[in-house]
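Below is one structure, written out as structure tokens, with a few remarks after it.
The values are calculated or read from the model by the stated rules, or taken from the named source; none is laboratory data. Predicted, not measured: the structure shown is a model, and the values here were computed from it. Methodologically, a virtual Cβ is constructed for each residue, glycine included, from the backbone with ideal geometry; neighbour enumeration extends over all protein chains shown. Areas reflect the complete protein model, heavy atoms only, side chains present, ligands, DNA and RNA absent. Shrake-Rupley method; radii C 1.70, N 1.55, O 1.52, S 1.80 Å.
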Amino acid sequence: MTTRQVEHAVTVEAPAAAVYRLIAEVENWPRIFPPTLYVDHVERGAREERIRIWATANGAAKNWTSRRTLDPESLRITFRQEVSTPPVAAMGGTWIIEPLTGTSSRVRLLHDYRAVDDDPDGLKWIDEAVDRNSRSELAALKTNVELAHASQEITFSFEDTVQIAGAAKDAYDFVNEAGLWAERLPHVASVRFSEDTPGLQALEMDTRAKDGSTHTTKSYRVVFPHHTIAYKQVTLPALMTLHTGRWTFAENDGGVAATSQHTVVLNTANIASVLGPDASVADAREYVRGALSANSRATLGHAKDYAENKR
């Protein structure tokens, strides 16, 4: 059986301990690593944990479960896929963070893997996916760690909540059935929706802005009936370099609190071309928040009508 061993590395202008923390906190991975769509914990201990990861590989969305061992003293994190997705038969590796100076570090990402039935085409597919994702992850890690040390101004999160006098399942169903949004939501012009793997959705849609223009976005969504839909946009409007979010449906005495949460990183290079030469980062924050919040509240309002009329 052929087991491939590869290594990728990058130098980061940030302290080694800060880089380690960023990699250790998997809930932030969708914000840091372009291929990662969503991560959650299955089990969590002081040093050992099991995590579920949803990510794209060679343009296709995949998911798997991994075990991780955390070693903050040595600044090492080892991982091993518990349940791999074909063509991967086995996959594991190690993150190693090495201090260079007090303000810089070297990050090494090691992988070992083999293909189902030792298939050469499968191994080639994995080679390409590991190389592409590793380069992407390390470049993004470098960018995001260094940005975190430079400025918090361009990264922000917010949420909108609507109280619904109905069932969580009905409100969830309205948001889950995104393939029907062009019929149900006035701000959605058209939708391309698929769910080839249960619980993992691809959603591309053309959305109308207040000025009548339309823009196209594509997201991958990970759904947990009937309480959470997490998503990450992979085709973004001009003013954003990152947009992740989550729809949650929490039952309470009055019915259900439906919440839309967003995390955004602004694309400062496009502020002048989109908003004008005198526009500031604060203007861009206000514009993006207003646009996203308007669409979220519109969707939640229609979900409220749908759920309350189902009673």
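Treat the range 56-108 as a sphere of radius equal to its Kirkwood radius over Cα pairs and apply Stokes-Einstein at 4 °C in a medium of 1.567 mPa s; give the translational diffusion coefficient in µm²/s, rounded to a whole number. Walk me through the numbers on the way to the answer.
Details: Rh = 13.0 Å.
Answer from the Stokes-Einstein relation: 100 µm²/s.
Farthest towards the positive end of the charge dipole of the range 23-130, among the residues 57, 85, 102, is the Cα of 102, using unit charges on the Cβ of Lys, Arg, Asp and Glu. Here the range 1-48 and the range 78-107 have alpha carbon centers that stand 7 Å from each other. Please give the Cα centre distance for the range 275-307 versus the range 164-193, rounded to the nearest Å. When both Cα centres are located, 18 Å separates them.
Could you pull out the trypsin sites (Lys or Arg not before Pro) across the range 26-73 that fall in loop regions by DSSP (anything but H, G, I, E, B) with no more than 10 other Cβ atoms inside 10 Å?
On the way: sites: 31, 44, 47, 50, 52, 62, 67, 68; in loops: 47.
Listed in order of number, the matching sites are 47.
Mind running the shape call on the range 9-85? Use the C-alpha gyration tensor, a ≥ b ≥ c as the square roots of the eigenvalues: rounded below 1.5 for a/c, prolate if a/b tops b/c, oblate otherwise. It is oblate, given that a/c is not under 1.5 and a/b is not larger than b/c. Measuring max minus min along each principal axis, the C-alpha atoms of the range 45-172 give extents of 55, 44, 31 Å (largest first).
Helix-derived [θ] at 222 nm for the chain: sum -39500 (n - 2.57) over DSSP H runs of at least 4, divide by residue count, nearest 500? Computed mean residue ellipticity for the chain: -9500 deg cm²/dmol. Only one residue of 193, 166, 74 has its Cα farthest out toward the positive end of the dipole of the range 67-195, where Lys and Arg carry +1 and Asp and Glu -1 on Cβ, and that residue is 74.
Relative to its residue count, the range 170-297 spans a Cα convex hull of 109 Å³ per residue.
The structure shown yields semi-axes √(5λ) of the Cα gyration tensor in Å, and of the options (1) 35, 25, 19; (2) 36, 22, 16; (3) 26, 22, 18 that calculated value carries the label (1).
Please give the contour-minus-distance gain from residue 289 to residue 42: 0.36 nm per residue of separation, less the Cα-Cα distance, rounded to one decimal in nm. Present the calculation step by step, with values, prior to reporting the outcome.
On the way: separation 247, 0.36 × 247 = 88.92 nm, distance 3.24 nm.
Working it through step by step, the gained length comes to 85.7 nm.
Rolling a 1.4 Å probe across the protein heavy atoms gives the chain an accessible surface of 47 Å² per residue. The residues packed around residue 206, meaning those with a beta-carbon under 11 Å from its beta-carbon, carry a net charge of +2 if Lys and Arg are +1 and Asp and Glu are -1.
Order these peptides, 157-169, 86-98, by their mean beta-carbon neighbour count within 10 angstrom, highest first. List each step's numbers first, then the result.
Working: 157-169: 16.6, 86-98: 18.4.
Ranking the peptides 157-169, 86-98 by packing returns 86-98, 157-169.
Estimated at 0.36 nm per residue, the fully extended path between residue 309 and residue 80 surpasses their Cα-Cα distance by 77.7 nm.
Ignoring lysines fewer than eight residues from residue 218 along the same chain, the ones with Cα atoms less than 18 angstrom from its Cα are 62, 232.
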